[in-house]
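Some notes on the structure that comes next.
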There are 2 protein chains.
Amino acid sequence: VRVPGFRASGVHCGIKPRAPDLALIASDVPAAVAGVFTRSTVVGAAIELCRERVRSGRARGVVVNSGCSNVATGAAGLRDARDMASAAARAIGAAPEEMLVASTGVIGRRLPMQRIRSGLRRAAAELAEDGLPRAAEAIRTTDTFAKCAHASVRVGGRRLTVAGVAKGSGMIEPDLATMLAFLVSDAAASPAYLRRVLREVCRESFNRVTVDGETSTSDTVLLFANGRAGNAELGGAAGARFAAAVAEVATALARDLARDGEGATRLVTVRVRGARNPAEAERAARRIANSLLVKTAVFGGDPNWGRILQTLGAGRVAVDLARCEVRLAGVTVFARGIPAGEAARRRAARGLAKPEVEIEVALGSGRAQARVWTCDLSTDYVRINAEYTT
Amino acid sequence: VRVPGFRASGVHCGIKPRAPDLALIASDVPAAVAGVFTRSTVVGAAIELCRERVRSGRARGVVVNSGCSNVATGAAGLRDARDMASAAARAIGAAPEEMLVASTGVIGRRLPMQRIRSGLRRAAAELAEDGLPRAAEAIRTTDTFAKCAHASVRVGGRRLTVAGVAKGSGMIEPDLATMLAFLVSDAAASPAYLRRVLREVCRESFNRVTVDGETSTSDTVLLFANGRAGNAELGGAAGARFAAAVAEVATALARDLARDGEGATRLVTVRVRGARNPAEAERAARRIANSLLVKTAVFGGDPNWGRILQTLGAGRVAVDLARCEVRLAGVTVFARGIPAGEAARRRAARGLAKPEVEIEVALGSGRAQARVWTCDLSTDYVRINAEYTT
């Protein structure tokens, strides 16, 4: 997919032995930009730089490397991040402070700046309107597939396009399970408006994904909008349609992150209803999604509703057992305090064998609900994270 | 070990196919008793009954079954728990309300009351002063070994003995990772005094263990003291010595629980220093102890300090990287913002290969500290919990 006025590329510069490891996404004109970053108290140099720079609300693009996260590298690491952005800016004829930067990979190692500089010259030369899939390739770590998505809407006779790329929890360099996503649009929108849209969209998409309950030092989501569509100011119904397009792209990418979690064999959607309030609904859904016992049961295809009740109880969620209902893969396995029969259990087990499964819980305590995406916990997750030695 | 005035037994009554599954611990005279129970919002019938009964501060003993947790069984389950206690009380000549009860095993199934009643008659007949190890056998689920410990102290010319049995996270009936511990002493102590000692001891022993971050619906710790030692009222230095003996037994059992965690290959002690306050120190230690990335690294013998910093950051712990220090198996691998060299890494890797390992982190933010015991996360943990299908 092409988004007018945006070009991208992905090249191999030598941070990783073979695979593409350097991506560039650039707007032909200064774009409005909004960013959302990790809430970890330990963050990489790229995060420090980006947090500072997105405040202006304007940028020409972002340069991203995989294979080295530039975390715990001190003042020298911050200088490297700034130099990397400057080199990328120079290569596309932008001012240094107009370029953002993101890094993912091993912690505690310096960026190989010489390789990055020469790689950037090639990346700039290869920038192309259809280059986003190559950028998606270059930001992968152990992701098993590159993640791209796009959507478009008509607003006041103009077509607005949104496209995005993302990477998930890769552990070939196992210090880090970084989540990166970059969304671009030709919409005309103010930075303040973009910030609001991005914050709301992230809350319901990227922030609804968990693979192993960890938060990376480098999580970054950026949304660029360069105005090439020439639409009028966004707001009201038109703004809602634009936000829906951004949400569509973000949700597709978020689901792909969960589907491609480390060692995952299944995409799991957890839906909780009947909570006393939205915070408790979300806590309940995250509790289920992060429970080792639930995740290993899904890996084993076991319709184990007992573990779901157990982890809700452990998480101090208000559960009214007499009114609670648990559905696995669409089959009710526990309702009104009573386990469903053996036939239901067998039907649920068949459903759990599929690549996409739903866990639905009605708590019976109120009216609030929440949804979270996750994956199962497999022996491969342990193997990947145990056998690799830095 | 024998504790004067206490007798115990363990028999097979047929809840499980073969192994002992019914334990009885009884005092010849009414004993003072204190209890600590799960804080889960979903609890079993035994917990409901015990919470009510320990309030009196007096009991003659406890009957415990493994193989069926009697959780999510409604009003009938509560009746079963009461009947089980009554049958045990009758068998030893106590009043029904003097008997406590605990159950561990699969969720959502009724207790086989006929088998339990006939088992109890045999259990009562086999009660013996040296029977605690047999009780420890009978409360196991997938624990790979039975857990007993004892200690004694001299108080005012009298010898006080404390002995205890415990079970950890067994998953042959995989709905549950119940922690049960029963401690008995011949000390003379008031129920109020016992409660205070037990609460303080639990905080630093059983509450410092985590295998997979889950809390069972049936966790129970009971401490009985029958006064047979004839000591004067406990308090001051004598009370401190008694509390230390209880703590010694509880700590030995707690460490055994972590050592014998589901699929565990290593006992891991996590020590955090330099936190801003005790709550943050504990949060940091638990964050490390529950991190899948840290636990899989320990399983792999990988001195991966990056994952430790990552999970502290994700847990919003205040880390001053410039003053932070990480020691693995006694070897400093990260200090003052700088990774230690390759030689240190290799030494740490050798240390991590041993059956007991220490993770020590100095946060550099304050003076508070905390300690937690855990185990590594192995492919066997996933296999055990995935392959068993209820």
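The values are calculated or read from the model by the stated rules, or taken from the named source; none is laboratory data. Just so you know, these numbers come straight off a predicted model, no measurement behind them. Cβ sites come from the backbone with ideal geometry, for glycine too, and all protein chains shown count toward neighbours. The protein model used for the area step is the full one, side chains on, heavy atoms only, and it has no ligands, DNA or RNA in it. Shrake-Rupley method; radii C 1.70, N 1.55, O 1.52, S 1.80 Å.
A few comments on the model shown:
- Positions within the range B:299-326 being open to solvent by 10 Å² or more (accessible area, probe 1.4 Å), in contact with a strand residue (DSSP E or B) (Cβ under 6 Å, 6 or more places away or on another chain) and hydrophobic (A, V, I, L, M, F, W, C), in sequence order: B:Trp305
- Residues located in the range B:251-282, provided they are away from every other protein chain (no Cβ under 12 Å), under 20 Å from B:Arg316 (Cβ atoms) and open to solvent by less than 60 Å² (accessible area, probe 1.4 Å): B:Val270, B:Val272, B:Gly274, B:Ala275, B:Ala281, B:Glu282
- From the list A:Arg121, A:Arg140, the one residue that fits, being at pLDDT below 95 and open to solvent by 30 Å² or more (accessible area, probe 1.4 Å), is A:Arg140.
- Of the residues screened, B:Ser365 is one that is open to solvent by less than 60 Å² (accessible area, probe 1.4 Å), hydroxyl-bearing (Ser, Thr, Tyr), more than 27 Å from the chain's Cα centre (by Cα) and within 14 Å of chain A (Cβ to nearest Cβ).
- Some residue of the range A:21-40 being more than 14 Å from every other protein chain (Cβ to nearest Cβ), among the β-branched types (Val, Ile, Thr) and surrounded by fewer than 22 Cβ atoms within 10 Å (Cβ to Cβ): yes
- B:Gly313 more than 21 Å from B:Tyr381 (Cα to Cα) and more than 8 Å from chain A (Cβ to nearest Cβ): no
- Matching residues in the range A:64-86 - criterion: being in contact with a Leu (Cβ under 8 Å, 6 or more places away or on another chain), open to solvent by 10 Å² or more (accessible area, probe 1.4 Å) and under 20 Å from A:Ala26 (Cβ atoms): A:Arg82
- Residues in the range A:160-174 that are modelled with pLDDT under 85 and either open to solvent by 10 Å² or more (accessible area, probe 1.4 Å) or on the phi > 0 side of the Ramachandran plot (or both): A:Ser169, A:Ile172, A:Glu173.
- When each of A:Ala297, A:Ala318, A:Ala285 is tested for being farther than 30 Å from A:Ser152 by Cβ, assigned to a helix (DSSP H, G or I), within 11 Å of another protein chain (Cβ to nearest Cβ) and aliphatic (A, V, I, L, M), the lone residue that passes is A:Ala297.
- Test: residue in the range B:103-111 that is over 26 Å from A:Pro303 (Cα atoms) and touching a strand residue (DSSP E or B) at 6+ places or on another chain (Cβ under 8 Å): no
- Hey, A:Gly5 open to solvent by less than 40 Å² (accessible area, probe 1.4 Å), within 20 Å of A:Ile139 (Cα to Cα) and either without any contact (Cβ under 8 Å) to a residue 24 or more places away in the chain or not hydrophobic (A, V, I, L, M, F, W, C) (or both) or not: no
- Helices (runs of 4 or more DSSP H) wholly inside the range A:39-148 containing at least 1 residues that are under 22 Å from A:Val165 (Cβ atoms) and among the β-branched types (Val, Ile, Thr): A:45-54, A:74-92, A:113-125
- Qualifying residue in the range B:368-386 (condition: open to solvent by 20 Å² or more (accessible area, probe 1.4 Å), part of a loop (DSSP other than H, G, I, E, B) and hydrophobic (A, V, I, L, M, F, W, C)): no
- Residue satisfying all of: in the range A:334-346; farther than 18 Å from B:Asn70 by Cα and crowded, with 18+ Cβ neighbours inside 10 Å; farthest from the other protein chains (Cβ to nearest Cβ) among these: A:Ala344
- Complete set of residues in the range B:212-229 that are out of contact with any helix residue (DSSP H, G or I) (no Cβ under 7 Å at 6 or more places or on another chain), at pLDDT below 85 and open to solvent by 10 Å² or more (accessible area, probe 1.4 Å): B:Asp219, B:Asn226, B:Gly227
- Residue-level check: of (1) of a type in the set (Lys, Arg); (2) within 14 Å of another protein chain (Cβ to nearest Cβ); (3) free of Cβ contacts under 8 Å to residues at least 40 places away in the same chain, A:Arg60 misses just (2).
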